[in-house]
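As structure tokens, the structure follows; a few thoughts come after it.
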Amino acid sequence: MKKPINDFKMNVLSKSVNEGFLRAVTSAFCSLADPTLEEISDIKTAVSEAVTNAIVHGYKEKQGRIYIDAALYPDNIIKIKIRDKGCGIEDVQKAMEPLFTTAGDDRSGLGFSVMESFTDKLSVRSAPNKGTVVTLTKKISGKCE
Amino acid sequence: MQTVIADKSLTVFLSGEIDHHTAGRIREKADSEIIKYSPKELILDFSDVTFMDSSGVGLVIGRYKLASNNGCKTVVTGLKERDKKILMMSGLQNKIEFR
């Protein structure tokens, strides 16, 4: 992959209030690539799902840090990595099945399906007791300077 | 979040951003209204919702379960296209009415 034109990295505590904060920061970064409103909404939704997974599943009751690393590449490709150092996922394939959830009644089990549906590429790397890295890739139709 | 009860129909007006962080408070308030009024129809109005992820789906599923246990039907209205797309992924359209 070519070198990024621009990037940012940050980490925050795994507090649920940071779901909205990370959506806002990521969409502000992506807006530098002149995306459509629809593309911005797609990215916000996918990021929100990944960050929620880190909080609800990765760290559960504990508090840890969520690492976000976003880069804009030539050809207007945005790549966003969301990483936690939580409990990890035993069976990634199973976790990615639509409607599968381990978190009870009020979780829909659609997190990964939504991420897949609103991005061009989704990859999930996870190891039990080590953590999970979700990488979201999306091409932005706008023109970047 | 505002609610209106009329003719055994309870309308819950949702607003702002619905994510895992905000869903908890909405859930508590909506559930206490459902239990208080035992409506025959529950209308979840999404007209003023500016953002929703799959936590919104969980919110609808949970309220639908509570309402249907009391013989109450659930209706969802005011959904934007992308939010509808997320809700449809759950197959909820077979259980609740979209208006």
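Readers should treat all values here as calculations from the given coordinates under stated rules, not as data from a laboratory. Computed from a predicted structure; not experimentally measured. Please note: Cβ atoms are built from the backbone with ideal geometry, for glycine as well, and neighbour counts cover all protein chains shown.
Which distance in Å, rounded to a whole number, links the C-alpha centroids of segment B:64-95 and segment A:23-82?
Centre-to-centre (Cα) distance: 27 Å.
Which three semi-axes in whole Å describe the equivalent ellipsoid of segment A:60-119, each the square root of 5 times a Cα gyration tensor eigenvalue, listed largest first?
25, 17, 10
Could you list the square roots of 5 times each eigenvalue of the Cα gyration tensor of the protein assembly as shown, that is, the equivalent ellipsoid semi-axes, sorted largest first and rounded to whole Å?
So the three semi-axes of the protein assembly as shown are 33, 20, 15 Å.
Beyond 19 Å, what share of the Cα-Cα pairs of chain A remains, rounded to the nearest whole percent?
The answer is 48 percent, as a whole percent.
What list of ³J(HN,Hα) values in whole Hz, one per residue of segment A:42-57 in order, does the Karplus curve 6.51 cos²θ - 1.76 cosθ + 1.60 (θ = phi - 60°) give from phi, with Gly and Pro shown as x?
Listing the rounded values in order: 4, 5, 4, 5, 5, 5, 4, 5, 5, 5, 4, 4, 4, 6, 6, 9 Hz.
With a point put 7 Å past each Cα toward its Cβ, work out how far A:LYS62 is from B:GLU97 in nm, to one decimal.
The two pseudo-label positions are separated by 4.9 nm.
Whats the longest run of chain A with zero trypsin sites (Lys or Arg not before Pro) that are DSSP loop and have at most 14 other Cβ atoms within 10 Å?
A:63-129
Based on the Kirkwood radius over alpha-carbon pairs, what value in µm²/s does the Stokes-Einstein equation return for the translational diffusion coefficient of chain B at 10 °C and 1.306 mPa s?
D, rounded to a whole number, is 121 µm²/s.
Counting pairs on different chains as well as pairs 8 or more places apart, how many Lys pairs in chain B have Cα atoms under 12 Å apart?
For chain B, the number of qualifying lysine pairs is 7.
Residue by residue through segment A:109-125, which ³J(HN,Hα) values in whole Hz follow from phi under the Karplus form 6.51 cos²θ - 1.76 cosθ + 1.60 (θ = phi - 60°), with glycine and proline marked x?
In residue order, the calculated couplings are x, 10, x, 5, 4, 5, 4, 5, 6, 9, 10, 8, 8, 10, 10, 10, 10 Hz.
If I model a spin label as a point 7 Å beyond the Cα along the Cα-Cβ vector, how far apart are those points for B:VAL75 and A:ALA103 in nm?
3.1 nm
Which FRET efficiency value, to the nearest 0.05, do you get for B:ASP31 and A:ARG125 by plugging their Cβ-Cβ distance into 1/(1 + (r/R0)^6) with R0 = 45 Å?
Calculated value: 0.75.
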